[in-house]
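Peer 1: Quick one: this structure, given as structure tokens, is what I'll be asking you about.
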């Protein structure tokens, strides 16, 4: 299954939210989406980060560490983009998870 940090969730990101706050909310959104599908972060095999500035990556890594131990990280890619669906969004995270049917 592929989930986005914006899937099935209220965005709860507001203009002016700093990168660290957005990163924490993004991973909370992913946690809820995974849970709704009967999965956890342990089922995630790949993360794709879309960021408007690579300088936001430390905030993403810090938020990710609250949900995923450093010794069990999935494959990951990071892509810098000009903008996201809403101008206040600084980042988007897509997760690929494998779960048994």
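Peer 1: How large are Rg and Dmax for the stretch 62-101 when calculated on the C-alpha trace, in angstrom?
Peer 2: 13.3, 37
Peer 1: Using label points projected 7 Å from each Cα along Cα→Cβ, tell me how many nm separate residue 54 and residue 86, to one decimal.
Peer 2: In this crude label model, residue 54 to residue 86 measures out at 2.8 nm.
Peer 1: Label points 7 Å out from Cα along the Cβ direction at residue 42 and residue 28: separation in nm?
Peer 2: 2.4 nm
Peer 1: Contour minus end-to-end for residue 78 and residue 99, with contour as 0.36 nm per residue of separation and end-to-end as the Cα-Cα distance?
Peer 2: Length difference between fully extended and current span is 5.2 nm.
Peer 1: Sticking with this structure for a sec: Just round it to a whole percent: the fraction of Cα-Cα distances in the stretch 2-97 exceeding 16 Å.
Peer 2: Everything past 16 Å amounts to 50 percent.
Values in this text are rule-based calculations from the coordinates and carry no lab data. Here the structure is a predicted model, which means the values were calculated and not measured. A quick note on method: Cβ atoms are made from the backbone with ideal geometry, for glycine too, and the neighbour counts reach across all protein chains shown.
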